[in-house]
Amino acid sequence: MSDLLNRYRTIEFFFIAIVLILIFKAAKLQLIDKGYREKVEKATLRKTLLLPSRGLIYDRTGKLLVNNEPVYELEVIYNDLDKNMDTTKLCQLLNISKEDFIRKIHKNWKDYRYSKSSPFIFLSKINPKIYSRFVEHLYEFPGFYPSIKSVRNYPYNNAAHVLGYMGEVNQKTIKKSKGQYSPGDYIGITGLESVYEKELRGKKGVKFEIKDNFGRSIESYQNGVFDSSAVAGYKMISSLDIDLQAYGEKLMQNKRGAIVAIDPQTGQILALISSPGYNPNDLSVRSDRGKIFAKLLKDSINKPLLNRAITSKYPPGSIFKPVLGLVALQEGVTYPNRTIYCGGQYVYKTKYNTFRYGCHHHPTPYNISIAIQHSCNSYFFQLGRDVIEKYGFSNPGRGLDTLVNYLKDFGMGKKLGVDLKNESRGFVPDSKFYDRLYSKQHAKWRSTYIMSLGIGQGELELTTLQMANIAAIMANKGYYFTPHLIKEFEPSIPIPEKYRIKHKVRIDSIFFKPVLNGMERAVLSGTAKLAYTPGIRICGKTGTSENYTYKDGKRIKLEDHSVFMAFAPRENPEIAIAVFVENGGVGGLTAAPIASLMIEKYIKGEIPFYRQWLENRILKIDLVNKKEK
């Protein structure tokens with residue numbers, strides 16, 4: 001028992017000795033060692049966030065599209081300010097007025113965004129020379145802390161709608177980010193900057209330092225054991241070909257509309273153009289973006305901020321005919337060598353009336369290839385009726401819904417899933433839509449009520465992206481990959497799985513040959529002769545989309561829209577494209593030559609001298625100012 005008590009006393013003595021030693025050390029540091037006491041009194045622990053370098057963005061050929069440039073800022077902690085500091089000198093160093101100083105330093109402390117004990121931005125976008133001059137005198141102004149942030153810069157003045165722009169993060173996002181964002185941070189607002197924000201932003205680091213009351217660093221806290229390095233964002237290789245993108249924007253100058261070009265073998269978008277657009281540098285954080293953004297926003301006629309390629313919905317016009325032809329063949333309501341007479345109009349007679357629907361003069365379409373070559377309205381009015389009436393004249397709803405199901409296979413009436421925000425579904429009317437529409441008129445609708453669908457008119461609406469995707473399906477003879485703008489990341493991480501999945505349409509491959517024959521003949525000697533390009537086998541289809549407006553209850557016809565979709569070469573296709581020019585007139589005169597120039601630029605790398613007359617003709621067309629120079 002005595003041995004046990006002796007052990008307890010030994011342990012007790014040991015712990016008492018340790019406590020006494022610790023008390024002595026603390027007393028020595030705080031009461032005896034004046035140097036330590038002064039150091040503590042004059043120093044403060046400062047936590048500095050280390051901002052990562054945002055990932056750079058390149059085009060598919062390695063050309064730099066988006067890089068980082070430094071922006072110099074000055075933060076302040078109100079409670080750390082020296083009340084006797086020389087504000088006159090500070091204002092002179094920063095080239096600001098006393099009024100500016102007062103306005104920037106005194107905040108509404110009831111506002112949750114500001115705290116006297118937390119840093120807030122005092123001055124941003126400081127001129128580098130002014131910033132350097134002020135840092136030399138920083139010791140005179142305790143409470144002020146310089147910082148350097150990176151903002152985006154765009155070496156090319158193109159692809160604004162694709163790349164997007166950055167903006168300061170809002171309070172809602174800060175709260176949801178669980179510390180990822182802080183006030184004053186920048187975040188992707190639109191375009192690829194927004195969609196791939198997680199991959200591009202990187203990861204913040206942190207550094208703890210002991211600083212004196214002048215803000216000067218004394219030493220690293222605990223030898224940096226709590227510090228961490230910032231991790232740069234991923235390098236992004238986009239699918240864009242910036243030379244093709246820039247060329248397309250050039251061709252669309254003074255025109256409203258869109259161009260989308262896709263690599264049909266992968267679904268990668270080679271060019272995505274919305275016109276009119278804007279210079280991406282105009283909305284860089286470095287610019288006077290507030291005024292510029294307001295100006296762009298107020299332009300209600302040209303709408304430069306609108307991405308017409310993925311948001312605007314248009315009647316596709318006659319580029320819809322090849323799709324309808326494939327569905328009619330698949331459903332067995334027609335056959336490739338079927339002749340449908342056309343005498344310049346489609347005539348439909350009822351008991352009381354005779355209805356006539358116009359078509360242009362062309363040779364009799366003895367097969368579906370010739371019908372597509374000359375874009376015969378009569379032929380496709382009839383095919384549209386044949387599909388819708390498959391289950392009987394009095395049962396058009398079932399036939400229409402069968403057609404609609406095929407159209408969904410082609411990506412119509414739904415979002416394709418492109419990696420950009422604000423993509424539109426377009427609109428594909430089904431039987432329920434017409435049931436509601438005609439119930440107001442107390443009438444039962446029939447195929448003859450909606451014949452305009454057969455030629456891509458009526459209520460049918462597609463985005464230019466959807467039109468280009470149809471061209472990709474034609475190129476692949478029955479499948480597509482979801483169109484996307486990401487090619488790869490470095491260091492390597494997988495792109496989203498949805499962009500690697502092959503989507504097949506329910507059309508037998510044998511039916512594509514007569515349709516593609518018609519599309520190639522359209523370029524060789526049909527409605528798209530201006531798209532003919534020596535040395536490249538182009539398969540294309542023109543569209544002239546009727547355009548109406550309503551005023552005082554009256555329907556007023558406006559200048560038609562010009563539409564064209566194509567792919568090339570016919571064997572082993574490299575590019576699928578759709579061009580939509582608002583108020584551009586006949587599809588074969590405006591949209592078709594634009595597409596052919598884009599195709600030649602991509603495949604050959606240049607426009608040969610003997611085709612430059614066509615390029616000059618397109619460049620002279622000015623539809624924004626309503627004239628052709």
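Structure notes:
- Candidate set: segment 413-461, residues that are among the polar types (S, T, N, Q) and outside any loop (DSSP other than H, G, I, E, B); chosen: the one farthest from Ile388 (Cα to Cα): Ser439
- Residue check for Ser394: touching a strand residue (DSSP E or B) at 6+ places or on another chain (Cβ under 6 Å), polar (S, T, N, Q) and within 28 Å of Arg446 (Cβ to Cβ): no
- Condition met for Ile538 (under 26 Å from the mean Cα position of the chain (by Cα) and of a type in the set (A, V, I, L, M)): no
- Residue that is at pLDDT 95 or above and closer than 20 Å to Phe380 by Cα, where the choices are Pro429, Pro483: Pro429
- Residue in segment 511-519 that is surrounded by 23 or more Cβ atoms within 10 Å (Cβ to Cβ) and either in contact with a strand residue (DSSP E or B) (Cβ under 6 Å, 6 or more places away or on another chain) or on the phi > 0 side of the Ramachandran plot (or both) present: yes
- Each residue in segment 336-359 was checked for being among the hydroxyl-bearing types (Ser, Thr, Tyr), out of contact with any strand residue (DSSP E or B) (no Cβ under 8 Å at 6 or more places or on another chain) and more than 20 Å from Ser318 (Cα to Cα), and 2 pass.
- From the list Ile621, Ile536, the lone residue that is touching a Pro at 6+ places or on another chain (Cβ under 9 Å), among the aliphatic types (A, V, I, L, M) and in the same structural domain as Ser312 (by TED's automatic domain parsing) is Ile536.
- In the set (1) crowded, with 24+ Cβ neighbours inside 10 Å; (2) without any contact (Cβ under 8 Å) to a residue 24 or more places away in the chain, the condition left unmet by Gly317 is number (2).
- Checked against the criteria, Phe427 counts as out of contact with any helix residue (DSSP H, G or I) (no Cβ under 8 Å at 6 or more places or on another chain), under 28 Å from Asn307 (Cα atoms) and among the aromatic types (Phe, Trp, Tyr).
- Selection status of Leu403, part of a helix (DSSP H, G or I), assigned by TED's automatic domain parsing to the domain that holds Tyr391 and of a type outside the set (Gly, Ala, Ser): yes
- Selection within segment 361-378 - in a loop (DSSP other than H, G, I, E, B) and under 39 Å from the mean Cα position of the chain (by Cα): His374, Ser375, Cys376
- Every residue from segment 158-175 that is among the hydrophobic types (A, V, I, L, M, F, W, C), crowded, with 22+ Cβ neighbours inside 10 Å and not in a helix (DSSP H, G or I): Ala159, Met166
- Members of segment 335-360 found to be modelled with pLDDT under 95 and assigned to a loop (DSSP other than H, G, I, E, B), listed by number: Tyr341, Cys342, Gly343, Gly344, Thr350, Lys351, Tyr352, Asn353, Cys359, His360
- Tabulated pairs, segment 267-279, first in contact (Cβ under 8 Å) with a residue 40 or more places away in the chain and more than 21 Å from Ile486 (Cβ to Cβ), second among the basic types (Lys, Arg) and surrounded by fewer than 24 Cβ atoms within 10 Å (Cβ to Cβ), C-beta under 7 angstrom, 6+ apart or interchain: Pro276/Arg256
- Among (1) surrounded by fewer than 18 Cβ atoms within 10 Å (Cβ to Cβ); (2) over 27 Å from Ser132 (Cβ atoms), the one test that Asn67 misses: (2)
- Selection of segment 506-533 for residues being of a type in the set (Gly, Ala, Ser) and either outside any loop (DSSP other than H, G, I, E, B) or outside the structural domain of Met474 (by TED's automatic domain parsing) (or both) yields Ser509, Gly518, Ala522, Ser525, Ala531.
- Of the residues making up segment 397-426, those that are in contact (Cβ under 8 Å) with a residue 40 or more places away in the chain, surrounded by 14 or more Cβ atoms within 10 Å (Cβ to Cβ) and farther than 19 Å from Val505 by Cα number 5.
- Qualifying residue in segment 486-502 (condition: hydroxyl-bearing (Ser, Thr, Tyr), out of contact with any Asp or Glu (no Cβ under 6 Å at 6 or more places or on another chain) and surrounded by fewer than 19 Cβ atoms within 10 Å (Cβ to Cβ)): yes
- Being in contact with a Pro (Cβ under 6 Å, 6 or more places away or on another chain), over 30 Å from Glu73 (Cβ atoms) and hydroxyl-bearing (Ser, Thr, Tyr) is a property that Ser369 has.
- Qualifying residue in segment 279-302 (condition: buried (at least 16 other Cβ atoms within 10 Å of the Cβ) and farther than 25 Å from Ser124 by Cα): no
- In segment 63-121, residue farthest from the chain's Cα centre (by Cα) [restricted to those that are under 29 Å from Gly233 (Cα atoms) and among the acidic types (Asp, Glu)]: Glu75
- Residue within segment 575-582 that is among the acidic types (Asp, Glu) and touching a Leu at 6+ places or on another chain (Cβ under 8 Å) present: yes
- Residue in segment 176-186 that is modelled with the highest pLDDT, counting only those that are closer than 22 Å to Val66 by Cα and surrounded by fewer than 19 Cβ atoms within 10 Å (Cβ to Cβ): Asp185
- Residue count, segment 156-174 (criterion: in contact with a helix residue (DSSP H, G or I) (Cβ under 9 Å, 6 or more places away or on another chain) and either under 21 Å from Pro52 (Cα atoms) or free of Cβ contacts under 8 Å to residues at least 60 places away in the same chain (or both)): 5
- Residue match in segment 588-605 (condition: surrounded by 11 or more Cβ atoms within 10 Å (Cβ to Cβ), out of contact with any Leu (no Cβ under 7 Å at 6 or more places or on another chain) and in a loop (DSSP other than H, G, I, E, B)): yes
- Pairs are defined by a Cβ separation below 6 Å, a sequence spacing of at least 6 or placement on different chains, a first member in segment 476-505 that is part of a helix (DSSP H, G or I), and a second member that is hydroxyl-bearing (Ser, Thr, Tyr); the pairs so defined are Lys498/Thr482; Tyr499/Thr482.
- Qualifying residue in segment 134-142 (condition: under 26 Å from Ser274 (Cβ atoms) and either buried (at least 16 other Cβ atoms within 10 Å of the Cβ) or of a type in the set (Ser, Thr, Tyr) (or both)): no
The values are calculated or read from the model by the stated rules, or taken from the named source; none is laboratory data. All of these numbers come straight from a predicted model, not from anything done at the bench. When we count neighbours, we look across all protein chains shown, and the Cβ atoms used for this are built from the backbone with ideal geometry, even at glycine.
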